[in-house]
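Shown next, in structure tokens, is the structure this report addresses.
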Amino acid sequence: MSFLIRVTHWAGRESVAFVRSVVAAMCLVLAMPMMTSSGAFAQEIASDAGGAQTAEALAARQAALLQVMLASPDDLDAAFEYAMVSSLLGDYEAAIATLERMLIYAPGLPRVQLELGVLYFRLGSTETARFYFQETLNATNVPPEVEARVRLYLTTLDKQEDPASFRAAVVTGIRYQSNANAAPGSRRVDLNGGTFLLDDTATGTADTNAFLAGRVKATYDIGTQGDLLETEFLFYGARYADIVRLDTALAELTFGPSLNLERFDIDDTRLGLYAIAAGIRLNHANYNGALGVGARLVSQVTPAVLVDTKIEWRRRWYNDTAEFPTVSNRAGSYLRLAATVSRTVSPTVTLRALVLADFEETKEAWTQSWEAGGGVGATVRFASPFEQLRQPWSLDLEAGFIYRSYEGPDPFVDPAMAQEDREGWVRTGLSVPFRPDLALGVTGEFRRQYSNYDLATYSNASALLSLTKSF
């Protein structure tokens, strides 16, 4: 009898740890194919600037260039640099005035017309921006890189004029894990001062799964100062070669407005408010469902710095099954905060810092917990080493740590001491685009959790091979 209780008790822990790892894997898979438009915008600005610089250095350079222009009004090189520095400082009016004066001295310069179009684009003057972009294409001897940028902006303008837009990405692949069920590595565990042996099925087991994941996002411009209605659907499904009780299906739908905060003089910032509906199936049976609300703030603080913050509240319900008969005790509220700050330090390197926190309410004190942590990462873009693959490759690196504390002791494990976990991970991934809408991904990760409860101590090494198609 005691052995059966031990296995049942462990099964609830296994499912929770496993679902955490599934959600982390889904976020990893779906984060790769879809860079946010504001993130791409920051990368382009940094590329224009030749790398991020401090505001003080830019202001000093702007003042020096102004003196050069006053002394030599026909110095076009100084004028162009002055316009670019002014743009980085957000002084668009000075940049526009300088570039338009340059066209008086030298009409028809493609690069000058391009930059004027870009500046009017950022100010929201789409018709004027389109005029300068078209003038750039009409010029003689337009450099290929200038033409490519112009066509990119014209495509963006066309999309903006259509109130409805649609993006999607589908990812499929295989993943190997040394501990697929996120279980203890050793059969020997300490429970209530005694040493017990777990059944082989209750220890960490290696396995391979095939998965299919996707993200579909639709937006509609409601015509009020750049406000949008946004709907996003995420899905993830995995089938395991051996541990079929871990076969997983997950889906999440969000819907709500995305508000342009320029009406409050907050530039390049959006606030999204949305409703959430989500569900998970485990071992081909309903595992949990959730309804909630969330808010997301995305701000291009400077041309090189992007802040993405999200807070969500969900009410979750769990369903007992023959495989996981006690998970209904975990029903309750769930509050989550996540923030990412990205900084583009050069045209090829982007750094980021992560902050994570959540609170999980449950019916039992020993399953109720809070956690906090963070991480650092970097993405490095570089030219393809193969002539046949012309798209640039990218290498992503990340390391992080989470501390987790439970409200009360588990009477089965230790009636005097509550559980505390320390989880860390390191990850690296390589993205190899075959063309702009199709990429191969290779990812490796090592995750280790130390706990004062033997049942919650485990490590897991994984390798993932994926193919992403974007639409």
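Laboratory data are not the source of any read-out in this text; all were calculated from the coordinates shown. On a predicted model such as this, the values are computed, not experimentally measured, just so you know. We place every Cβ from the backbone using ideal geometry, glycine too, and count neighbours over all the protein chains shown.
Using R₀ = 41 Å, calculate the FRET efficiency as 1/(1 + (r/R₀)^6) where r is the Cβ-Cβ separation of Glu93 and Phe386; round to 0.05.
Numbers: r = 45 Å, r/R0 = 1.11.
Result of the calculation: an efficiency of 0.35.
For segment 318-471, take every pair of Cα atoms, bin their distances at 5 Å starting from 0, and report each bin as a whole percent.
2, 8, 12, 14, 16, 14, 11, 9, 7, 5, 3, 1, 0
On average over all directions, what projected area in square nanometres does segment 233-383 have, based on the convex hull of its Cα atoms?
On the way: hull surface 48.8 nm².
For the Cα atoms of segment 233-383, the hull's average projected area reads 12.2 nm².
Taking the Cβ of Ala241 as the center, what net charge do the other residues with Cβ under 15 Å away carry, scoring Lys and Arg +1 and Asp and Glu -1? Mind showing how you got there, number by number?
Working: positive: Arg175, Arg239, Arg245; negative: Asp207, Asp242, Asp247.
With Lys, Arg at +1 and Asp, Glu at -1, the neighbours total 0.
Give me the base-10 log of I(q)/I(0) for segment 247-309 at each q in 0.21, 0.25, 0.28 Å⁻¹, Debye formula, one uniform scatterer per Cα, rounded to two decimals.
Values, matching the q order: -0.82, -0.97, -1.08.
For the pair Val426 and Thr208, what calculated FRET efficiency results from E = 1/(1 + (r/R0)^6), where r is the Cβ-Cβ distance and R0 = 22 Å, to the nearest 0.05? The partial results should precede the final answer.
Working: r = 21 Å, r/R0 = 0.96.
Efficiency at R0 = 22 Å is approximately 0.55.
Taking the 0 to 90 degree range and rounding to the nearest ten, how far is the long axis of helix 76-88 tilted relative to the main principal axis of the chain, both from C-alpha atoms?
30
Only helical DSSP H runs with n ≥ 4 go in: add -39500 (n - 2.57) per run for the chain, normalise by residue count and round the 222 nm mean residue ellipticity to 500 deg cm²/dmol. Walk me through the numbers on the way to the answer.
Details: 8 runs with 132 residues, N = 471.
Computed mean residue ellipticity for the chain: -9500 deg cm²/dmol.
If you take the C-alpha gyration tensor of segment 42-161, multiply each eigenvalue by 5 and take the square root, what semi-axes do you get, largest first, in whole Å? Spell out each step's value before the answer.
Details: eigenvalues 111, 60, 30 Å².
Sorted largest first and rounded, they come to 24, 17, 12 Å.
Between Leu137 and Asn452, how high is the FRET efficiency from 1/(1 + (r/R0)^6) when r is the Cβ-Cβ distance and R₀ = 60 Å? Nearest 0.05.
0.35
With θ taken as phi - 60° and the coefficients 6.51, -1.76 and 1.60, list the Karplus ³J(HN,Hα) couplings across segment 319-325 in order, rounded to whole Hz; mark glycine and proline as x.
10, 6, 10, 4, 7, 10, x
Amide H to amide H, which residues 5 or more places from Asn181 or on other chains are under 5 Å from it, using H placed in the peptide plane?
Counting only residues 5 or more places away or on other chains, the set is Thr205.
Got the relative contact order for segment 42-161 handy, in percent, Cα pairs under 8 Å and 6 or more residues apart?
Details: 109 pairs, mean separation 19.6, N = 120.
So the answer I get is 16 percent.
Multiplying the sequence separation of Ala168 and Asp265 by 0.36 nm and subtracting their Cα-Cα distance, what value in nm do you get?
That pair, Ala168 and Asp265, stretches by 31.8 nm at full extension.
Within the chain, how many lysine pairs that are 8 or more places apart, or on different chains, have C-alpha atoms less than 22 Å apart? Before the final figure, lay out each step's value.
On the way: Lys159/Lys217; Lys159/Lys469; Lys217/Lys310; Lys217/Lys469.
Step by step, the pairs that qualify in the chain add up to 4.
Among the trypsin sites (Lys or Arg not before Pro) within segment 297-384, which fall in a DSSP loop and have no more than 14 other Cβ atoms within 10 Å of their own Cβ? Don't skip to the answer; put the middle values down first.
On the way: sites: Lys310, Arg314, Arg315, Arg316, Arg330, Arg336, Arg343, Arg352, Lys363, Arg381; in loops: Lys363.
For trypsin sites (Lys or Arg not before Pro) across segment 297-384 that sit outside H, G, I, E and B with at most 14 neighbouring Cβ atoms in 10 Å, the list reads Lys363.
Using only the alpha-carbon atoms, how far is helix 92-105 inclined from the longest principal axis of the chain? Give it as 0 to 90 degrees, nearest 10.
40
Multiplying the sequence separation of Arg239 and Asp77 by 0.36 nm and subtracting their Cα-Cα distance, what value in nm do you get?
Numbers: separation 162, 0.36 × 162 = 58.32 nm, distance 6.03 nm.
Using 0.36 nm per residue and subtracting the Cα-Cα distance, I get 52.3 nm.
Quick check: the distance between the Cα centres of segment 432-471 and segment 115-183, to the nearest angstrom?
So the separation of the two Cα centres works out to 28 Å.
Rounded to two decimals, what ratio of Rg to Rh does the chain give with C-alpha atoms and a Kirkwood Rh? Before the final figure, lay out the partial values.
Values: Rg = 26.4 Å, Rh = 25.1 Å.
A ratio of 1.05.
Specify the inter-centroid distance of segment 255-274 and segment 291-334, based on alpha-carbon positions, in whole Å.
Cα centroid of segment 255-274 versus Cα centroid of segment 291-334: 21 Å apart.
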